[in-house]
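Visitor: Once you've had a glance at the structure underneath, I'll fire off some questions.
Each reported figure results from applying straightforward, stated rules to the coordinates on display, with no laboratory input. Being a predicted model, the structure only gives us computed values, none of them experimental. With ideal geometry, Cβ positions are generated from the backbone for all residues, glycine too; neighbour counts draw on all protein chains shown.
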Amino acid sequence: MKHTITIAAVALMAGVATLYAIIMIFEIDLVKWVNCSAPFSSSEDKKSEICRKEG
């Protein structure tokens with residue numbers, strides 16, 4: 001049981017580190033993505049000032 005928890009913790013840390021690396025390498029702006037590009041964002045959010053900004 002102890003090894004299972006250790007493996008799960010290491011896997012979780014590896015996943016978080018991978019996500020962080022992807023964000024840093026590709027310079028993904030998560031706030032802009034959530035407001036402008038995400039499938040669940042509203043049409044009003046897509047017309048906001050943050051979505052019109054370039055870069």
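Visitor: How much length, in nm to one decimal, is gained on full extension between Ser48 and Leu12, taken as 0.36 nm per residue of separation minus their Cα-Cα distance?
Guide: 9.5 nm
Visitor: Hey, rough spin-label estimate for Ile5 and Phe40, points 7 angstrom out along Cα→Cβ, what's it come to in nanometres?
Guide: With each label placed 7 Å out from Cα toward Cβ, I get 3.1 nm.
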